[in-house]
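A quick write-up on the structure given underneath.
The values are calculated or read from the model by the stated rules, or taken from the named source; none is laboratory data. Keep in mind that what you see is a predicted model, and the values were worked out from it rather than measured. Heads up, the Cβs are rebuilt from the backbone with ideal geometry, glycines too, and the neighbour counts pull from every protein chain shown. Surface areas here come from the heavy atoms of the whole protein model, side chains and all, with no ligands, DNA or RNA. Shrake-Rupley method; radii C 1.70, N 1.55, O 1.52, S 1.80 Å.
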Amino acid sequence: ATDHQVVTCTLSQPLAAGADAPVLHLLVQIDSSAPTGSQTNTATASSPTPGAAGSDSASVTISRAAVLSLTKVHAGHGQVGADLPFTLRVHNAGPAVADQVVLSDPLPAGLSYVSATGAGWTCSASPAGVVSCALAGTIAVGADSSDLTITATVGAAAYPSVTNTATVSSTDPDLPGSATASDPVIVDPSASLQLTKKHQGSFQVGSTGSYLLTVSNTGPTATPGPVTIADTLPTGLSYRSAAGTGWTCTAAGSTISCSRPGPLAAGASSQLRIVVNVLAAAYPSVLNSATASATGSPSATGTDTAPVSSLVVLTISKHLMSYRNNLASYLMTVTNTGPNGTASAITVTDPLPAGLSYRSASGAGWSCGAAGQTVTCERSATLAAGASASLTLVAAVTAAPGTTIGNVATVRGGGSAGATNRTTPSNQASLSVTATGGGAGSGGLPDTGRDTADPAMLATGLLLVGLGLLLLGRRRRWS
């Protein structure tokens, strides 16, 4: 063959009249650029022997086929608010050259169109987010198109994942068929936590106080959970309890750790209540901070300053100091056991029982008087925590011998601004009335009133003293 489009075949043997030459099979390959439609191929037979040449034609319908495929990829996770580029590439597996290649990418909810670029590609996007691109030129058999990069902004609606699917085809009617490619994207959470911490009611030394903690997710996405809260109690507070719907809490020393499983949706919130013991070191105020954290969210801190009222605990003790000459002397001691409040305007009230009659009451800083059987002593000076103030009450004993008289006093008082006051009655001081009224020079046992000197022993003692003085006088005269 002198031309690749002209095929010449020669029969080496003579062909007798009326005979057929052997069948000649001609196999051809249709070029990928061959025109489509009906094509006619004509063959001509000739011989050096004089005579007419013979010819014949056959028609064949030629169609094109190009098998296209599409790949679509991205790198990493999607981040809400950030741009995410997708790389698309078209491959032509043939057997025909592909032309008029177009691509459609309807962006799903959560992805917003930014741009589309690539050598030979011309793109546009509809208001609905459908990206349409056309490729200039052709794609040879076995070749790839130039890369097309479609960039979209990741929105909150894409969380926790979104799938982007594109379709490639040809507008050439001789190249039917299309191919799709899907690219799933994992989208990281992007939550924003807020934590508020507020004390409930008043905090008073010696009592309990509570905090209400509210953790909120302001979005834009849910946080997958768990949500944790850590609260390290300051000096002056100790852990008592913690509870909240869905929360589990533990305490190690002064550190409280609470956890809530499961997601916290954007716009949702959850509350936790922590109860603490308020100690003296918390006065006059206590600052407490807690921190909330969750995956996909920066930590958030909530801080609260609670004013703390001091505590004044006044106690009073009462003892019988002496009982002589029908007079009973009581020592009453008022103590401010604190733990931190200063007591003021202290008042001691002693309702004397039958058998006792008021004579006097005194003590440094005290002002006393009686109205009927009720003795009242007031102290205007303050009494610091840990300090004591005493006073003495003297009463005449009018009860019959053999009577036991019990006497109890009570103290009350104010405290420093905002202080809580707790008071207790005194112990009961008991007095056992004797026939002699105790006698001059006798001493008494506290709390019992029983005289420590036996009358017979006292008389013997006086007799011995008298004899001693008599002997001393005689010795002086003899000398």
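Between 0 and 90 degrees, the angle of helix 455-478 with respect to the longest Cα principal axis of the chain falls at about 50 degrees. Computed from phi, the 3J(HN,Hα) profile of region 109-124 under the Karplus parametrisation 6.51, -1.76, 1.60 (θ = phi - 60°) reads 4, x, 10, 10, 5, 10, 6, 8, 9, x, 4, x, 9, 10, 10, 8 Hz, with x in place of Gly and Pro. Once you reduce region 223-300 and region 77-112 to the center of their Cα atoms, the two points are 47 Å from each other.
Sorting the segments 285-298, 121-134 by their residues' average number of neighbouring beta-carbon atoms within 10 angstrom, most packed first, yields 285-298, 121-134. Here mean projected area of the Cα convex hull in nm² was computed from the coordinates, and among (i) 23.5; (ii) 52.9; (iii) 27.3 the match is (ii). Around the amide H of His77, modelled in the peptide plane, lies no amide H under 5 Å away from a residue 5 or more places distant or on another chain. Amide H contacts of Thr434: Gly402, each under 5 Å away and 5 or more positions distant or on a separate chain (H built 1.01 Å from N in the peptide plane; Pro and chain starts excluded).
Per residue, the solvent-accessible area of the chain (1.4 Å probe, heavy atoms of protein chains only, all protein chains present) comes to 52 Å².
Beta carbons within 10 angstrom, averaged per residue: use that to sort the peptides 364-371, 300-307, 277-284, highest first. Walk me through the numbers on the way to the answer.
Details: 364-371: 14.1, 300-307: 16.0, 277-284: 19.0.
So the peptides 364-371, 300-307, 277-284, ranked by packing, come out 277-284, 300-307, 364-371.
For region 355-372, backbone phi angles converted through the Karplus equation (6.51, -1.76, 1.60; θ = phi - 60°) give residue-by-residue couplings of x, 10, 10, 4, 10, 6, 8, 7, x, 4, x, 9, 10, 10, x, 9, 10, x Hz, Gly and Pro being listed as x.
Packing order of peptides 13-22, 336-345, 164-173, highest average first: 336-345, 164-173, 13-22 (average count of other Cβ atoms within 10 Å over each peptide's residues).
For the chain, the fraction of 1.4 Å probe accessible surface lying on carbon and sulfur atoms is 56 percent.
So what is the calculated 222 nm ellipticity per residue for the chain, using -39500 (n - 2.57) for each DSSP H run with n of 4 or more, over all residues, to the nearest 500 deg cm²/dmol?
Working: 1 runs with 24 residues, N = 479.
Per the formula, -2000 deg cm²/dmol.
By the Cβ-Cβ criterion of under 4.7 Å, the unpaired cysteines of the chain are Cys9.
Taking θ as phi - 60° and the Karplus parameters 6.51, -1.76 and 1.60, the scalar couplings of region 298-311 work out to x, 5, 10, 10, x, 10, 9, 10, 10, x, 10, 7, 6, 10 Hz in sequence order, x denoting glycine and proline.
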